[in-house]
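These notes concern the structure reproduced below.
Nothing in this text is a laboratory measurement; each read-out follows from the coordinates by a stated rule. Every value quoted in this text rests on a predicted model; they were computed, and no experiment measured them. Using ideal geometry, Cβ is built from the backbone for each residue, glycine included, and neighbour counts are taken over all protein chains shown.
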Amino acid sequence: MYKILDHINSPDDVRKLSVAKLKTLCEEIRDYMVRCCAENPGHLGSSLGAVELIVALHYVYDTPKDKLVFDVGHQAYAHKILTGRREAFKDNRKAGGISGFPKMAESKYDAFGAGHSSTSISAALGYAEAARLNGSGEKAVAIIGDGALSGGLAWEGLNNAGNSKANILVILNDNNISIDEARGGLHNYLLKVTTSSTYNRVKTGIWNRLKEGKFRQWMQKIVVDTKSNLVRSSGGAVFEAMGFRYFGHVDGNDVEQMVAVLERLKRLSGPRILHIITKKGKGYAPAEADPVTWHAPGRFNPETGERIKTVSAKDKYQDVFGEVLVELAKMDPKVVGITPAMASGCGMNRFEAAFPDRFFDVGIEEGHAVTFSAGLAAGGMKPFCNIYSSFSQRAYDNIIHDVALQKLPVVLCFDRGGLVGEDGATHCGAFDLAAYRSIPDAVVAAPSDEIELKNLMYTALSVKEGPIIIRYPRGYGEGAPWKEAAFEALPVGKGRKLLNGKGVAVLALGPVANRALEAAKRHKTDYWSCPAVYDMRWLKPIDTDILEEASKYSVIVTVEDGTVKGGLFGAVSEYFAGRADAPVIKAVGIPDRFIPQASRSQQLEECGLDTESLFDLFIALMKNI
């Protein structure tokens with residue numbers, strides 16, 4: 001089908017091409033990427049914009065000996081396609097297929113795993129220093145997007161790299177947008193750099209008038225030597241001040257120019273930063289026109305760009321959160337919303353539209369988001385800070401030190417708790433329940449449906465000390481009529497009994513309580529008896545009345561969409577530890593290993609959290625009672 005791409009099985013094949021053929025290769029990669037993602041959804045927009053960059057990198061650098069370290073991985077699809085995974089890309093993010101992100105165990109070309117942001121500079125610096133100590137001469141390149149550069153770890157890496165004089169190239173892939181619209185001081189700073197008339201007029205004028213050769217190289221040296229003064233007028237001084245030689249900006253969607261620039265920069269040593277400008281969604285008109293939607297568009301018609309939307313009568317938890325937050329803000333003028341660059345993903349874009357002055361998108365800065373929320377709470381506001389569960393791990397210290405230790409009433413809403421499906425282990429919210437249960441005075445809750453989420457958010461307003469953590473899964477809810485339901489304050493630390501039974505007590509937390517209830521009801525229909533089922537609702541403080549009632553049963557089964565080590569199973573086991581009358585306690589949840597990418601339903605089945613698996617477990621347990 002493709003003239004060039006069909007013959008590319010490794011970067012060695014790319015390097016055999018003439019520079020003139022690279023443009024065609026980029027066009028074919030882009031077309032292949034669109035057609036694959038139309039059938040098998042993924043993170044499309046960022047990868048479309050980075051095609052020329054990746055082709056040029058593999059053309060110039062001796063990969064996999066030279067190390068390309070990607071940030072986040074949203075931009076790395078072309079890298080996967082060029083490195084022997086062209087056919088495998090059709091099953092990208094599927095069970096048994098390749099990961100949607102760089103993964104060291106998957107390919108020798110994936111120098112470093114990347115699912116979270118802002119890690120590339122630190123990792124590439126490690127590679128650069130290892131190459132220096134080993135005397136191997138390997139090159140290290142970090143490829144980071146402008147959104148990821150807002151993360152604190154990126155600046156820690158820049159600070160260390162600039163001071164170390166390491167042989168590292170940092171490529172700032174600036175497309176003027178993260179997942180949502182780019183915001184903040186850094187975004188404005190980069191805009192200043194890329195639009196400077198002084199620096200770019202001088203640089204472009206000289207460059208375009210010179211032909212390749214010694215004279216052009218000599219003039220380039222003059223430009224480099226005198227550039228420090230010019231970049232100060234353009235805003236680029238911050239990188240120079242940190243010890244980097246700044247080059248840019250360059251059209252990152254011009255593959256021939258990228259090859260020429262990278263070849264020159266490869267010959268230089270020391271810390272360098274190349275600032276390139278790319279267009280998110282490049283080459284596919286619908287994605288260029290709406291880069292936010294096309295970051296991860298789902299299935300679509302590749303010819304027309306028409307998205308194939310899933311029709312469901314149920315609402316997503318993120319939409320429930322967003323609309324409920326708006327209602328709470330109408331009731332209380334002190335309610336504010338904070339998100340680390342996930343406004344649309346978590347549903348807070350609804351709050352932004354209704355209360356723009358009370359909405360804060362702080363960029364990809366989870367730790368700052370939490371401490372900023374703590375400051376808001378100390379100032380008398382009522383902050384709701386929404387972070388994806390997996391990303392909240394980077395704010396663990398802030399939650400302990402800045403919120404819990406000072407007992408500040410910050411409501412932390414963790415979206416995408418538990419198994420998340422195709423994004424795989426890097427995005428799986430497996431550890432939040434276990435991690436935050438250990439924090440003194442923390443309140444930790446998990447709603448079993450949309451009404452419960454609504455009421456837990458309402459209840460959180462009246463909790464005077466924090467942190468107050470509400471965690472819920474990705475995707476659609478149970479179909480509960482939450483819009484019609486009136487707000488109800490729930491007693492903190494009190495669960496509810498869903499079904500009477502005998503022999504076995506099932507203590508469930510979160511929406512998996514509904515799967516346990518379905519399995520138990522089916523067992524009753526088939527066998528005239530069933531386990532008792534409880535919705536624990538609160539992990540901390542845990543409902544000790546329910547635990548005492550459950551102790552009268554022969555077996556307790558804990559069911560949770562989280563790691564069984566330290567979560568609900570840990571809490572129940574600790575409660576009964578050392579008691580002579582302690583019942584047998586069995587755990588169902590995420591086992592002590594990382595769960596690879598698959599659909600969420602497949603992951604739930606793998607962990608025994610689906611209705612069928614729970615039904616089979618109940619049969620086995622009830623037979624022995």
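Taking 28 Å as the cut-off for C-alpha to C-alpha distance, list the pairs among 103/279; 407/586; 80/316; 494/623 that go past it.
Table pairs above 28 Å Cα-Cα are 407/586; 80/316; 494/623.
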Q: Please give the contour-minus-distance gain from residue 441 to residue 256: 0.36 nm per residue of separation, less the Cα-Cα distance, rounded to one decimal in nm.
A: 60.7 nm
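May I ask for the net charge around residue 168, where only other residues with Cβ less than 13 Å from the Cβ of residue 168 are counted and Lys, Arg are +1 while Asp, Glu are -1?
+4
Tell me, in nm to one decimal, what length is gained between residue 88 and residue 310 on full extension, where the rule is 0.36 nm per residue of separation less the Cα-Cα distance?
Value of the extension gain: 77.4 nm.
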Q: Under 13 Å Cα to Cα from residue 23, which aspartates and glutamates show up? Leave out anything in the same chain fewer than 8 places away.
A: 31, 52, 254, 256
(Q) If each DSSP helix of 4+ residues adds -39,500 (n - 2.57) and the sum is divided by the residues in the chain, what number results at 222 nm, nearest 500 deg cm²/dmol? (A) -12000 deg cm²/dmol
Q. With labels modelled as points extended 7 Å from the Cα through the Cβ direction, what inter-label distance (nm, one decimal) is found for residue 623 paired with residue 155?
A. 6.1 nm
Q. Under 5 Å between amide H atoms, partner at least 5 residues away or on a different chain: which partners does residue 590 have, H built in plane at 1.01 Å?
A. 562, 563, 564
(Q) Spelling out what I want: for every residue of region 587-602, take phi, set θ = phi - 60°, compute 6.51 cos²θ - 1.76 cosθ + 1.60 (Karplus), and round to whole Hz; glycine and proline get x. (A) 10, 10, x, 6, x, 7, 7, 7, 9, x, 5, 5, 5, 4, 5, 5
Q: Quick one: what are the phi-derived ³J(HN,Hα) couplings along region 250-263, Karplus 6.51/-1.76/1.60 with θ = phi - 60°, whole Hz, x for glycine and proline?
A: 10, 6, x, 9, 10, 5, 5, 5, 5, 4, 4, 5, 5, 5
Q: Please name which of 324, 43, 55 has its Cα lying farthest along the dipole of the chain towards the positive end, using unit charges on Cβ (Lys, Arg +1; Asp, Glu -1) and the Cα centre as origin.
A: 55
Q: Indicate, rounded to the nearest 5 percent, the antiparallel portion of the DSSP beta bridges found entirely in the chain.
A: 15 percent
Q) Under a point spin-label approximation (7 Å from Cα along Cα-to-Cβ), what is the residue 237-residue 616 distance to one decimal in nm? A) 6.7 nm
**Q.** Label of the coordinate-derived value, percent of Cα pairs over 45 Å apart, listed as [x] 36; [y] 28; [z] 24
**A.** [z]
Q. In percent, how large is the relative contact order of the chain, given Cα pairs closer than 8 Å and 6 or more residues apart?
A. 11 percent
Q) How far, in degrees from 0 to 90, does helix 317-331 lean away from the longest principal axis of the Cα atoms of the chain, to the nearest 10? A) 80 degrees
Q) Around residue 90, what is the net charge, scoring Lys/Arg as +1 and Asp/Glu as -1 over all other residues with Cβ under 13 Å from its Cβ? A) +3
Q) If R0 is 41 Å, what FRET efficiency do you get for residue 526 and residue 353 from their C-beta distance, rounded to 0.05? A) 0.25
Q. Working from the pairwise distances between different alpha carbons, so that the mean of 1/r is found and then inverted, what is region 496-623's Kirkwood radius in Å?
A. 14.5 Å
Q) Residue-wise, which Karplus ³J(HN,Hα) couplings in Hz belong to region 48-65, taking 6.51 cos²θ - 1.76 cosθ + 1.60, θ = phi - 60°, and x for glycine or proline? A) 4, x, 9, 4, 4, 4, 5, 4, 5, 4, 6, 6, 8, 9, 8, 7, x, 4
Q: Could you work out the local net charge near residue 6, counting Lys and Arg as +1, Asp and Glu as -1, over the other residues with Cβ closer than 13 Å to its Cβ?
A: -2
Q | Whole-angstrom Cα spans of region 1-136 along principal axes, big to small | A | 46, 36, 24
Q: Just order 76-88, 38-50 by mean Cβ neighbour count inside 10 Å, highest at the front, would you?
A: 38-50, 76-88
